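Encoded as structure tokens, the structure appears first; notes follow it.
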Amino acid sequence: MTPPSSPANVGAPRVEEGVEEEVRSTPTKVKAEPGGGGDGAADLINIKVQSQTSAEVFFRIKRNVRLRRLMDMYCGKHSLDPKAVKFLGPDGRHIRGEQTPDEVGLEDGDAIDVWLDQQGGGGGGAPAHGSQIIGA
């Protein structure tokens, strides 16, 4: 539950279980999932999430937190359906929500690209050019 707006928390970054985000250049913290080990500070990495249509968003996330939390926060902030976008790692590979930064190979300062997932375009309809019509 989000606390009511007050002068003390207006402009403060949004914090969720394991994820914190911010549109500014300051990184966002992501809390670890229950049962995670480590002292915490050494496990945190800064990740930039960028798309063609929105401002960059910075996240601070623990290496053992599932990236679904980061994805859900990003999609919620930008009113996107998580099923309608793809998250791509620095190597261009698709990132799944059940993966962690360690599994994906994300390092401190890496960027994740967000792309609208478009299906189709294979052309089952009219020919692309009149010369392609058989018998013309």
Restricting attention to the range 50-80, the residues that are over 15 Å from Gln99 (Cβ atoms), β-branched (Val, Ile, Thr) and open to solvent by less than 50 Å² (accessible area, probe 1.4 Å) number exactly 1
Here the qualifying pairs (Cβ atoms under 7 Å; residues six or more apart or on different chains; first in the range 71-85 and of a type in the set (Lys, Arg); second part of a loop (DSSP other than H, G, I, E, B)) come out as none
query = assigned to a loop (DSSP other than H, G, I, E, B), in contact with a His (Cβ under 8 Å, 6 or more places away or on another chain) and at pLDDT below 95: does that describe Ser54?
reply = yes
Here the residues within the range 81-106 that are outside any strand (DSSP E or B) and surrounded by fewer than 13 Cβ atoms within 10 Å (Cβ to Cβ) are Asp81, Lys83, Ala84, Asp91, Gly92, Arg93, Glu98, Gly105
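The values are calculated or read from the model by the stated rules, or taken from the named source; none is laboratory data. The structure presented is a predicted model; accordingly, all values stated were derived computationally and were not measured. Note: ideal-geometry Cβ built from the backbone for every residue, glycine included; neighbour counts use all protein chains shown. With ligands, DNA and RNA removed, areas are computed over all heavy atoms of the protein, side chains included. Shrake-Rupley method; radii C 1.70, N 1.55, O 1.52, S 1.80 Å.
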